[in-house]
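Novice: Here it is, the structure in full.
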Amino acid sequence: MAKKLSHYDRRGRARMVDVSSKKSTKREAEASAFVAMKPAVLAALPRNPKGDPLEVARVAGIMAAKRTAELIPMCHPLPLALVDVDLRVCENGVAITSKVTTTAETGVEMEALVAASVTALTVYDMCKALDKGIEIRDIVLERKSGGKSGDYRRAKNN
C-alpha cells in the first residue's frame, strides 16, 4: 500500500490528523543541526557581550520545543516530559543535538526538529555581529521511537 500525506483530507484540504483513537505511549525523537562559523567567531564565543551564546541558545531551543504547536499549524500540543539540547563546539562550528520525550498519542519529531532549528538560529543571532556569513546546515531527524510507524534511525553517511 502506498503511503500518503496524512495532513490532507480527500479533497486536498489541510487538516489536523485525528489521533483520538491512538494509544498514549512513550515516544522519543532526536534531531541535530550544525552552525558553521569561522575560527575567529568560535574563538570569540566566550567573550560575547550578549552573554554566553551557547547557553542562551540551549534555553531558546528548550522553550521553542514547548511551543511547536504554535509554530507548525498541524502539530498537536503535547505534554513534553523531557527536552534536552546539547551544543558542542567543533573545529569549524557548533554541533547541536536535541532530544524530546513524551507519553502521548502522537510523536515528537517536530518538537525535536524545532528545538534544533531554534537553537541554531539563536547561535546565529548571538554571533551575527561578528560575521553575517555564519551558515546553519543539516537540520535532520536523527532517530525516533514509538508509535504506529515504529522506530526510525537516520542512516550515517560514509
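Novice: Buried (at least 21 other Cβ atoms within 10 Å of the Cβ) and outside any strand (DSSP E or B): is that true of residue 61 in this structure?
Specialist: Details: buried (at least 21 other Cβ atoms within 10 Å of the Cβ): yes; outside any strand (DSSP E or B): yes.
Yes, satisfied.
Novice: Regarding the range 24-37, can at least one residue be identified that is closer than 30 Å to residue 106 by Cβ, modelled with pLDDT under 95, among the acidic types (Asp, Glu) and out of contact with any Leu (no Cβ under 6 Å at 6 or more places or on another chain)?
Specialist: No, because not a single residue in the range 24-37 is closer than 30 Å to residue 106 by Cβ, modelled with pLDDT under 95, among the acidic types (Asp, Glu) and out of contact with any Leu (no Cβ under 6 Å at 6 or more places or on another chain).
Novice: Given (1) more than 21 Å from residue 106 (Cβ to Cβ); (2) modelled with pLDDT of 95 or more, where does residue 51 come up short, assuming only one miss?
Specialist: Unmet condition: (2).
Novice: Hey, another quick one. Could you tell me which of the residues 123, 108 is more than 11 Å from the chain's Cα centre (by Cα), hydrophobic (A, V, I, L, M, F, W, C) and buried (at least 21 other Cβ atoms within 10 Å of the Cβ)?
Specialist: Working: 108 fails: more than 11 Å from the chain's Cα centre (by Cα).
Result: 123 is the single residue among 123, 108 that is more than 11 Å from the chain's Cα centre (by Cα), hydrophobic (A, V, I, L, M, F, W, C) and buried (at least 21 other Cβ atoms within 10 Å of the Cβ).
Novice: Can you spot a residue in the range 127-138 that is part of a strand (DSSP E or B), more than 17 Å from residue 67 (Cβ to Cβ) and of a type in the set (Asp, Glu)?
Specialist: Yes: one or more hits.
Novice: For residue 73, state whether it is surrounded by fewer than 13 Cβ atoms within 10 Å (Cβ to Cβ) and not in a loop (DSSP other than H, G, I, E, B). Walk me through it before giving the result.
Specialist: On the way: surrounded by fewer than 13 Cβ atoms within 10 Å (Cβ to Cβ): yes; not in a loop (DSSP other than H, G, I, E, B): no.
Taking the combined requirement at face value, the residue does not satisfy it.
Novice: Under 7 Å between Cβ atoms, which residue pairs at least 6 apart in sequence (or on different chains) link something in the range 133-158 that is at pLDDT 90 or above with a partner that is surrounded by 17 or more Cβ atoms within 10 Å (Cβ to Cβ) and among the β-branched types (Val, Ile, Thr)?
Specialist: Pairs that qualify, where the first residue is at pLDDT 90 or above and the partner is surrounded by 17 or more Cβ atoms within 10 Å (Cβ to Cβ) and among the β-branched types (Val, Ile, Thr), are 134/35; 134/41; 136/35.
Novice: Quick check on the range 38-58. Is at least one of its residues closer than 13 Å to residue 117 by Cα and surrounded by 13 or more Cβ atoms within 10 Å (Cβ to Cβ)?
Specialist: There is at least one residue in the range 38-58 that is closer than 13 Å to residue 117 by Cα and surrounded by 13 or more Cβ atoms within 10 Å (Cβ to Cβ).
The values are calculated or read from the model by the stated rules, or taken from the named source; none is laboratory data. Note that the coordinates shown come from a computational prediction; the quantities given were computed from them, not determined experimentally. No Cβ is skipped: glycine too gets one built from the backbone with ideal geometry, and neighbour counts run over all protein chains shown.
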